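So the structure is just underneath, and the comments pick up after that.
The values are calculated or read from the model by the stated rules, or taken from the named source; none is laboratory data. Quick caveat, the model's predicted, so the values are computed rather than measured. Note that we place each Cβ from the backbone using ideal geometry, even for glycine, and neighbour counts take in every protein chain shown. To get the accessible areas, we keep the full protein, side chains included, count just its heavy atoms, and leave off ligands, DNA and RNA. Shrake-Rupley method; radii C 1.70, N 1.55, O 1.52, S 1.80 Å.
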Amino acid sequence: MPHLSQALQRIEASQTTAMTDRATQLREEGRDVISLSVGEPDFATPTHVIEAAKAALDAGATRYTPVPGTSALRAAAALHFKRDLGIETEPGRVIVTAGGKQAIFEAILATVSEGDEVIVPAPWWVSYPQIVRLAGGRVVPLRCSPSRGFRFTPAQLEAEIGLDTRWLLLNSPGNPTGAVYPAEMLLGIAEVLRRHPQVMVLSDDIYAPLSYTGAPHATLANLCPDLADRVLTVSGVSKSHAMTGFRIGVATGPAWLIEVMGRLQSHNSGNPAAVSQAAAVAAFEGPQDFLGEWREVFRRRRDLVVDAINAVPGLSTPVPDGAFYCFIDAAPLMERFGNDEALCLHLLEAGVAAVPASAFGWRDGFRVSFAADEKVLEEAMARIAAALR
Ligand SMILES: Cc1ncc(COP(=O)(O)O)c(C=O)c1O
């Protein structure tokens, strides 16, 4: 019997990764499976980023760097926060991490103790509750109704805040729902936060460039400068620049928090890979015009998937405003399948990998990613329709 720490016994492996792994296994066995379970853009990483990585290797970017990142990347990230999110910061208040995930992990591990509460809006990104539990914290779910576009209200937030609340995790555009919080909603949330100075906000803006509302991205640290020293904003290049494999995330917030995250990182991974950091400098400082084109392609794919899903009896989905996921309600089919995991296994047999809603703190549905070619999406939608007929 392996001996597991109490901390590890509190967490489970990521269900999104599990479904992707199962789909890969079936494919290796020769089965024709379309994977709509992954959370990464299917576009090629921009050429100028690849060239920068190659040049960096030739120039000797093969060694340790400072733990919180190279000064070049911290400066480029500060530029990104200002230009793309409207957040005033400086390189000294930026930390570079191995993916956005590590930034979130470090912020929670560095600040949450046994008994502390963290408010996590549901449906949630799979890692949020697991990270909170690993730290010994208690997850306080905030159920976001589809009728309100999967967004919580200030009153809902107010009702869940207590003296032990340490963090609110805010993700816009959100995974798995694509929900986007417009400025006026954030201002309402800020009103509540002002009454509770013990609560910090982790604003996960990693999908910010992938919003289809046409409105500029709204984020708390920009909208409410009086709250900025209580907000950690997380961003990166994984989703916006199709660089998931480079493993680079960036975060900015109060100096004390950036310092303790660095302290943790110094004993964990140390610095993110030197070559990846050089590539991320090129991503932030190089041309951004390809993003407009990507957004347009994603928007077309989104419309294709939303129309196809809503045409299947028993399935329905709101139109996601951002990111590249549709969060689909399948409640009318639960009598037939029992639960959403059984439904997803049925879809997998029919050749489509999707992730059950239960992985995201929800139920009776599933998430599909539309980060795939239109022809592939059409085929996947046809398979789903046939499998549920
Ligand atoms: C909401 C959200 N935050 C953070 C991340 C982490 O991204 P990264 O690959 O940069 O660690 C993801 C990735 O799926 C995500 O969906």
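General remarks:
- Compactness ratio for the chain: Cα radius of gyration over 2.2 N^0.38 Å (N = residue count) comes to 0.97.
- Beta bridges per DSSP, both residues in the chain: antiparallel share near 45 percent.
- Here the label points at GLU160 and GLU378, each 7 Å from Cα along the C-beta direction, are separated by 4.1 nm in the simple model.
- For ASP21 and VAL297, a Förster radius of 30 Å and the Cβ-Cβ distance give a FRET efficiency of 0.65, rounded to the nearest 0.05.
- In this view, the solvent-accessible surface of MET200, computed with a 1.4 Å probe and all protein chains in place, comes to about 30 Å².
- Other residues with beta-carbon under 13 Å from the beta-carbon of SER145 carry, at +1 per Lys or Arg and -1 per Asp or Glu, a net charge of +2.
- Per-pair calculated FRET efficiency, R0 = 30 Å: ASN268 and LEU57 via Cβ, rounded to 0.05: 0.80
- Stokes-Einstein, applied to the Kirkwood radius of segment 110-173 over Cα pairs at a viscosity of 1.567 mPa s and 4 °C, places its translational diffusion at 108 µm² s⁻¹.
- Rg and Dmax, both from the Cα atoms of segment 150-236 and both in Å, are 12.4, 38.
- Farthest towards the positive end of the charge dipole of segment 251-337, among the residues PHE337, ASN310, PRO272, is the Cα of PHE337, using unit charges on the Cβ of Lys, Arg, Asp and Glu.
- Per residue, the accessible area of segment 29-143 comes to 43 Å² when a 1.4 Å probe rolls over the protein heavy atoms.
- Accessible surface, per residue, of segment 183-229 when the full set of protein chains is kept, probe 1.4 Å, Å²: 40
- Neighbourhood charge, 12 Å Cβ-Cβ cut-off, centred on ASP226 and excluding it, Lys, Arg +1 and Asp, Glu -1: 0
- In nm, spacing of pseudo-spin labels at LEU79 and VAL260 (7 Å Cα→C-beta vector): 3.2
- For LYS54, the solvent-accessible surface with a 1.4 Å probe is about 110 Å², rounded to the nearest 10.
- In this simple spin-label approximation, GLU90 and SER5 carry label points 7 Å from Cα along the Cα→Cβ vector, and these lie 3.5 nm apart.
- Once you reduce segment 318-389 and segment 179-234 to the center of their Cα atoms, the two points are 30 Å from each other.
- In a simple Cβ point-charge model (Lys, Arg +1; Asp, Glu -1; nothing else charged), the chain has a dipole of about 340 debye relative to its Cα centre.
- Nearest-10 value in Å² for the accessible area of LEU291, using the 1.4 Å probe: 20
- Relative compactness, segment 223-290, computed as alpha-carbon Rg over 2.2 N^0.38 Å: 1.27
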